[in-house]
Amino acid sequence: MTSSDLWDEETAARYDEFSAEMFAPGVLEPAVEFLARLADGGPALEFAIGTGRVAIPLAARGIPVTGIELSQPMVDRLRRKVPAEQVPVVVGDMATTTVPGRFSLVYVVWNTIGNLRTQDEQVQCFRNAARHLSPGGRFVIELEVPSLRRLPPGQSAVPFEVTDRHVGFDTYDMVTQQATSHHYRRLDDGSVRYGDHNFRYIWPAECDLMARLAGLTLEQRVAGWDGSPFTSDSESHVSVWRKPLDASAHVSG
Ligand SMILES: C[S@@+](CC[C@H](N)C(=O)[O-])C[C@H]1O[C@@H](n2cnc3c(N)ncnc32)[C@H](O)[C@@H]1O
């Protein structure tokens, strides 16, 4: 049983509209370009594929893409855009669900590994990625750096967007590494809708340790899909771990 929140019918129906800025060409194209380069013509597997924001344009580039997704309503939305023959999806938990085949690229974007809210499940997710990779294949994560440096003493909330249409902020519990994103959105009829989702935040160094437990080695860490350098001021990272070419290499645990 996964610890992830379930993305219900109502959330799925509004997902593309509420995430419009993440569909903007300036955001999406560098991500697709980065992933297509790493897939190198081989097949790719997206964990938590959602409504296909990244997978559909990646498939359009000629990369065969398969998905794993927990929410049937999100898959239903994806299906309105592409048939199963084009982008097959298995409904299940990205920490444990397996699909047939081996992939040159497995990826999980937009902070989604944090939706698994226990360390054990996050470790399992890295292992599941490694399990699906062919020798020399790569696992890519796009993940925010926890914004704890922006927390004044005694305060637990960090705003990440404040506009007329949307007020979004994260609250952090630094003892448990649990956090919640809160969204207040003004709808076209003037009403305000609240939504939240919970996540477990992870530092890059903890990701590297999880990767090592899965037998993967860090190949690259940059601040974003444009390949800009990762620095102490970076608010997110795109990290690439590689499975050894020698498939018999040791996996611990
Ligand atoms: C922020 S959306 C990202 C969707 C898509 N990857 C994108 O970039 O637009 C998070 C997605 O993760 C899915 N999800 C959450 N926990 C999951 C899990 N344990 N296994 C698989 N999918 C999960 C949700 O159902 C939702 O579709």
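For the pair Glu10 and Ser181, the difference between a 0.36 nm per residue extended length and the Cα-Cα distance amounts to 59.8 nm.
Is it possible to state the helix-based mean residue ellipticity at 222 nm for the chain, with each DSSP H run of 4+ residues giving -39500 (n - 2.57), the sum divided by total residues, to the nearest 500 deg cm²/dmol? What is it? So the helix-based figure for the chain works out to -7500 deg cm²/dmol. Looking at the chain, send over the antiparallel percent of its DSSP beta bridges, to the nearest 5. Expressed as a percentage, antiparallel bridges in the chain total about 70. When each of Met1, Met210 is scored by the number of other beta-carbon atoms lying within 10 Å, the sequence from fewest to most is Met1, Met210. This model, with +1 at the C-beta of Lys and Arg and -1 at the C-beta of Asp and Glu, gives the chain a dipole about its Cα centre of some 600 debye. Going by neighbour counts of Cβ atoms within 10 Å, the residues Thr2, Thr176, Thr112 line up, fewest first, as Thr176, Thr2, Thr112. Orientation-averaged projection of the chain equals 14.0 nm² [convex hull of Cα atoms, one quarter of hull surface area].
Membrane-span-like helices in the chain, defined here as complete DSSP H runs extending at least 18 Å along the helix axis by their C-alpha atoms with mean Kyte-Doolittle hydropathy no lower than 0.5, are 25-39; this is a sequence and geometry rule, not a statement about a membrane. If the segment from Ser147 to Ser3 were pulled out straight at 0.36 nm per residue, it would be longer than the present Cα-Cα gap by 49.6 nm.
In terms of other Cβ atoms within 10 Å, Glu10, Glu69, Glu219 run from fewest to most in the order Glu10, Glu219, Glu69. Across the chain, the relative contact order, built from alpha-carbon pairs under 8 Å that are at least six residues apart, equals 17 percent. Positive end of the dipole of the chain (Cβ unit charges, origin at the Cα centre): among Val106, Pro152, Gly227, the Cα lying farthest that way belongs to Val106. Using a cutoff of 8 angstrom between alpha carbon atoms and counting only pairs six or more residues apart, the relative contact order for the range 21-167 works out to 21 percent.
Rule-based calculations on the coordinates, nothing more; no lab input. This one's a predicted model, so the numbers in the text were calculated from it and none came from an experiment. FYI the Cβ positions are ideal-geometry reconstructions off the backbone, even for glycines, and counts take in every protein chain you see.
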